[in-house]
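Down below is the structure, laid out as structure tokens.
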Amino acid sequence: MTHVSRSMRPAALAAALLLASTVAIAGPGPGRGPGMHGPAGGPPASGEMVEQILATMKDKLALDTTQQVMFDNARAQSLAAREKMHANRTGIRAKVETELAKTEPDLAAIASALDAVEEQARAARRQARDEWLKLYATLRPDQKAVVRDAIKVRLDRAETMRGRMQERMRERSPRAPS
């Protein structure tokens, strides 16, 4: 185990927190597949849900040629956004490591770089989500019903899972003396 001098502990802690926050910038990480919860344990972010539903329901939607082109464009936009976010995360990690190699790391510079990358990631996710929403807008009423039903199933499943997790937490929590 590496020991950090008392004078360096606050800076090391701040740098560790900044580095840990870079994980959030890259969007969904391991275990964040379809049906997983979004930020802070809530439902998936709107763009993620739209993309997941439309992508997984593609066969049931029976897309026409124009819709298929829009689907392919939206999918490409989502993949490009993820690749960009991954590259940004790698760049931020290098920035943090460079700063931490200094005698006096500039935590404000790290925070500023994190803010810039986070804003780029948000813009890329929003742009991808908008492509999926354009596709959804072209769907026929029967296709939209398939999407609606799939969203309801996912929300019900998430609510059931949330209830189970809350029950487990209640079972594990220490009981107050009577």
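The values are calculated or read from the model by the stated rules, or taken from the named source; none is laboratory data. The shown structure was predicted, so the numbers you read here are calculated from the model rather than taken from an experiment. Neighbour counts run over all protein chains shown; Cβ positions are idealised from the backbone, glycine included.
Only one of the numbered conditions (1) among the polar types (S, T, N, Q); (2) more than 16 Å from the chain's Cα centre (by Cα); (3) farther than 21 Å from residue 55 by Cα is violated by residue 120, and that is (2). Set side by side, the residues 52, 67, 77 differ, and just one is of a type outside the set (A, V, I, L, M, F, W, C), at pLDDT below 90 and surrounded by 16 or more Cβ atoms within 10 Å (Cβ to Cβ), which is 52. Do you know which of the residues in region 112-121 that are loosely packed, with under 13 Cβ neighbours inside 10 Å and not small (Gly, Ala, Ser) is nearest to residue 75 (Cα to Cα)? Ranking the qualifying residues of region 112-121, first place goes to 119. When residue 109 is tested against the conditions (1) buried (at least 19 other Cβ atoms within 10 Å of the Cβ); (2) over 15 Å from residue 50 (Cα atoms); (3) not hydroxyl-bearing (Ser, Thr, Tyr), the lone failure is (1).
Taking the numbered list (1) at pLDDT 90 or above; (2) in a helix (DSSP H, G or I) in turn, residue 90 passes all entries but (1). Counting the residues of region 64-106 that are among the hydrophobic types (A, V, I, L, M, F, W, C) and either touching a Cys at 6+ places or on another chain (Cβ under 7 Å) or over 16 Å from residue 48 (Cα atoms) (or both) gives 8.
I'd like the residue in region 94-105 that is exposed (fewer than 13 other Cβ atoms within 10 Å of the Cβ) and of a type outside the set (A, V, I, L, M) and, out of all such residues, is farthest from residue 127 (Cα to Cα).
Taking region 94-105 as the starting set, the residues that turn out to be exposed (fewer than 13 other Cβ atoms within 10 Å of the Cβ) are 94, 97, 101-104.
Now narrow it down to the ones that are of a type outside the set (A, V, I, L, M): 97, 102-104.
Working: 97: 30, 102: 37, 103: 40, 104: 38 Å.
The qualifying residue farthest from residue 127 (Cα to Cα) is 103.
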